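Asks: Following this message is one structure expressed as structure tokens.
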Amino acid sequence: MAQKPKKFFAANWKANPKTPATAKIIARAFSRIPKGEVAVFPPNVFLLPLVDVFSERKIKIGIQNVWQGTEGSFTGEVTAPMAKSIGASFVLVGHSERRAYNHETNADVAEKVSHVLAAGLTPILCVGESKQVRARGFSSAASAVLGMLRESLANVRGKKTKEIIVAYEPVWAIGAKKSATLVDAVLMTEVLKKELVHLGFSRFRILYGGAIDEKNISEFWQSPQLDGVLVGRASVRPQSIRKMLDVISR
Ligand code: PGA
């Protein structure tokens, strides 16, 4: 890679907050940061009214999921070209909550990744091992994560020069009190980077996600091996947002 890519801060609001008024309050807590790139992933119903708030602050927007098609009779779904048309730049793909509650498989994820790239958007592919797998040690965790990565990228042919972002999100750290350690995150990042090069990708960033907040963001953000963070719960708390953005603006 010629130039070191910008550090990336992704805010995944999940199914929060309850009302558009609160969504606006949360959105306004995001300030423009001089270095690095910030992207917010609100629930789709709140997105359109927030586009101006984010663009004034040079904050990018993304959506939390897309349908594996371009348009048609798929009730309840939103597609990658639709996301693109309202100004989104990124799509979360294969988040562990979608894999768990919506039974998304690696094959579904692979289709979504290729639709996202075809629409000119950047996928943030989430991979991570379960607690049971991690209990068997690092190499079990690494082989589970690599399996997810390979299968989820199986449909990306001829698009390997486009940027992809991979978020290492160990399932046992998402929604937990404690994050993985920085060492855990860095070790897995190295494994993922090696495999992405092996698979022929030339532009990628690797994030860590799982229980990041204002208290621990600094060490993950400053690590030269990591390209950024994916934040869930703390990204809908205005005070936490301000503190985290303060840290990453330094
Ligand atoms: P969390 O979620 O920060 O609330 O642990 C992270 C994620 O799901 O991306």
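All of the numbers you see were taken from the coordinates with simple rules; none came from a lab. Remember, it's a predicted structure, so these values are computed and weren't measured experimentally. A quick note on method: Cβ atoms are made from the backbone with ideal geometry, for glycine too, and the neighbour counts reach across all protein chains shown.
Asks: Once amide H atoms are built 1.01 Å from N in the peptide plane, which residues 5 or more positions from Ala11, or in another chain, come under 5 Å H to H?
Replies: Under 5 Å from the amide H of Ala11: Ala39, Val40, Phe41, Val231.
Asks: I want to verify a result. In a Gaussian network model of the chain, Cα cutoff 10 Å, which of these has the top mean-square fluctuation: Val156, Val183, Val145?
Replies: Val183
Asks: Next question. Where does the chain land at 222 nm, in deg cm²/dmol rounded to the nearest 500, when only DSSP H runs of n ≥ 4 count, each adding -39500 (n - 2.57), divided by all residues?
Replies: -12000 deg cm²/dmol
Asks: Using a Gaussian network model of the chain whose springs link C-alpha atoms within less than 10 Å, name the residue from Gly128, Gly62, Gly36 with the highest mean-square fluctuation.
Replies: Judging by the Gaussian network model, the answer is Gly36.
Asks: What is the magnitude of the charge dipole of region 1-78 about its Cα centre, with +1 placed on the Cβ of each Lys and Arg, -1 on the Cβ of each Asp and Glu, and no other charges, expressed in debye to the nearest 20?
Replies: My answer is approximately 560 debye.
Asks: Related question: For Arg203 and Gln132, calculate 0.36 nm times their separation in residues minus their Cα-Cα distance, and state this gained length in nm to one decimal.
Replies: Going from the current span to full extension adds 22.4 nm.
Asks: Right, another one. Normalised by the number of residues in region 25-153, what is the relative contact order in percent for Cα pairs under 8 Å and 6+ residues apart?
Replies: Taking the mean separation of contacting Cα pairs over the length of region 25-153, I get 20 percent.
Asks: Rounded to the nearest 20 debye, what is the charge dipole size of the chain about its Cα centre when +1 sits on each Lys and Arg Cβ and -1 on each Asp and Glu Cβ?
Replies: 640 debye
Asks: Now for a different question. Does region 1-71 classify as rounded, prolate or oblate by the C-alpha gyration tensor (a ≥ b ≥ c root eigenvalues; a/c under 1.5 gives rounded; else a/b over b/c gives prolate, otherwise oblate)?
Replies: The shape class here is oblate.
Asks: If you take the beta carbon distance between Ser218 and Ser55 as r and set R0 to 30 Å, what does 1/(1 + (r/R0)^6) give as a FRET efficiency, to the nearest 0.05?
Replies: Result of the calculation: an efficiency of 0.60.
Asks: What distance in nm lies between label points placed 7 Å from Cα along the C-beta direction at Ser73 and Ala21?
Replies: In this crude spin-label approximation the distance works out to 4.1 nm.
Asks: Now, a different point. Beyond 16 Å, what percent of the Cα pairs of region 51-92 remain?
Replies: For region 51-92, the share of Cα pairs beyond 16 Å comes to 38 percent.
Asks: In addition: What is the distance in Å between the Cα centres of region 1-57 and region 59-95?
Replies: 16 Å
Asks: Okay, moving on. Three principal axis extents, largest first, for the C-alpha atoms of the chain, in Å?
Replies: Projected onto the principal axes, the Cα atoms of the chain cover 46, 45, 38 Å.
Asks: Out of all DSSP beta bridges with both ends in region 1-104, state the antiparallel percent to the nearest 5.
Replies: Among the beta bridges of region 1-104, antiparallel pairing accounts for roughly 0 percent.
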